[in-house]
Amino acid sequence: MVKTLLTLLVFLIVLSSRLEGVRILHLTDLHIDYLKLFSRNYLKNIQTIRSNILLLKPDIVVLTGDIVEFGEGIFSCENYRILTNIFYYSNGMFYFDRDYKIPIYMVAGNHEYETLFKTTSTEIPNYIRFVGKRFLNYYIDISNVRLIFIDTGYDYYFSFFAYNGILPEPEASGLTASQINFLKSALETSTNRFNIILTHHPFLNKDDEGIFLFNRDEFYNLTKSNKVSLILSGHTHENRVFDSKMNLVRSFPITNINDIYHVQTGSIGKDGYFRMIEVFEWGIVINKHSNISELLNSSSIQ
């Protein structure tokens, strides 16, 4: 009898863990703008999510780039100082809640490389100063998933004259050889059931809009040959999910993850969009994007 009860208890504990999973709140393109010239609603949108955090119940928050509207040059430090006031900071980590229970993991976007005047740097000393060097290219393991964060770089122009609005918009510079080596190692050493890659610029998109350039083939080959389930990104300010064959997914939630899905979420700062990703022992659930107005009008949200 005692043995039966112990077996039942173990089963219930395992079942509970399988049902709970890991809830990831995907935010992107916060666009903190000290001058409020380009972005105005970033603070209100974050405060709305925070006031409804018990409804969303995330275990972690991921913020995939364009954290600030401009990260270098004049006034840029003021944007980062607002960042430190929006979130809670302790021992080198940002947290979403005042109880320091929901960590935030970030990766840089192209706006972290930009100045107020939209000129582009190839370095991001302010991001390193205010967010931390360890949040450039890194991974974390939580439960049965490895989250791999990769900086996809700065605005890259094919021609010296191809500049803001005069000629076509830039793409992202892409990955360096050392980043490819890092990604290779992160994937090959992972013993987790699932691997999720987080970038600012998407790898795959309609008409190749906003993609990153250098070492794309190397990146693709690594994701194909290793256990990669999702690539989460922002940049486009669109809510799109593609499978690996460029089919646009229209039915949610997605629960049968047998392909590499490319997930873009719209801007939280400018348009109030966010998305919940859930990782269970049995698989991953990609929920449809949500927005602030839905959150305010809903008693439950996926």
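The values are calculated or read from the model by the stated rules, or taken from the named source; none is laboratory data. Since we're looking at a predicted model, the values are computed, not measured. Neighbour counts run over all protein chains shown; Cβ positions are idealised from the backbone, glycine included. With ligands, DNA and RNA removed, areas are computed over all heavy atoms of the protein, side chains included. Shrake-Rupley method; radii C 1.70, N 1.55, O 1.52, S 1.80 Å.
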What FRET efficiency do you get for Glu188 and Leu43 if R0 is 45 Å and r is their Cβ-Cβ distance, rounded to the nearest 0.05? 0.65
Looking at the stretch 62-165, send over the antiparallel percent of its DSSP beta bridges, to the nearest 5. 80
Counting only DSSP loop positions in the stretch 12-114, the trypsin sites (Lys or Arg not before Pro) whose Cβ has at most 15 other Cβ atoms within 10 Å are Lys36, Arg40, Arg98, Lys101
Cα-based shape type of the stretch 139-293, given that a ≥ b ≥ c are square roots of the gyration tensor eigenvalues and the cut on a/c is 1.5: oblate
Roughly how far apart, in whole Å, are the Cα centres of the stretch 84-112 and the stretch 229-302? 21
Probe 1.4 Å, all protein chains present, accessible-area order of Tyr139, Tyr156, Tyr261, Tyr80, largest first: Tyr139, Tyr156, Tyr261, Tyr80
Residues in the stretch 169-198 near a label at Asp207, defined as backbone nitrogen under 15 Å from the 7 Å Cα→Cβ point? 169-171
Rounded to the nearest 500, what is the 222 nm mean residue ellipticity of the chain from helices alone, with -39500 (n - 2.57) per DSSP H run of 4+ residues and division by all residues? -7500 deg cm²/dmol
Note on the chain: helices (DSSP H) long enough, at least 18 Å by alpha carbon along their axis, and hydrophobic enough, mean Kyte-Doolittle at least 0.5, are 2-20
The Rg/Rh figure for the chain, Cα atoms and Kirkwood Rh, to two decimals is 0.98
At 7 Å along Cα-to-Cβ for each site, give me the label-to-label distance between Asn226 and Glu294 in nm. 3.1
Cα convex hull of the stretch 40-101, projected area averaged across orientations, nm²: 4.8
DSSP-defined beta bridges in the chain - what % are antiparallel, rounded to 5: 55
The extension gain from Lys36 to Arg98, computed as 0.36 nm times the residue separation minus the Cα-Cα distance, is 19.7 nm
What length, rounded to one decimal in nm, is gained on full extension from Arg50 through to Thr84, with 0.36 nm per residue of separation minus their alpha-carbon distance? 10.7 nm
Taking a temperature of 37 °C and a viscosity of 0.692 mPa s, what whole-number D in µm²/s does Stokes-Einstein yield for the stretch 8-149 with Rh from Kirkwood over alpha carbon pairs? 201
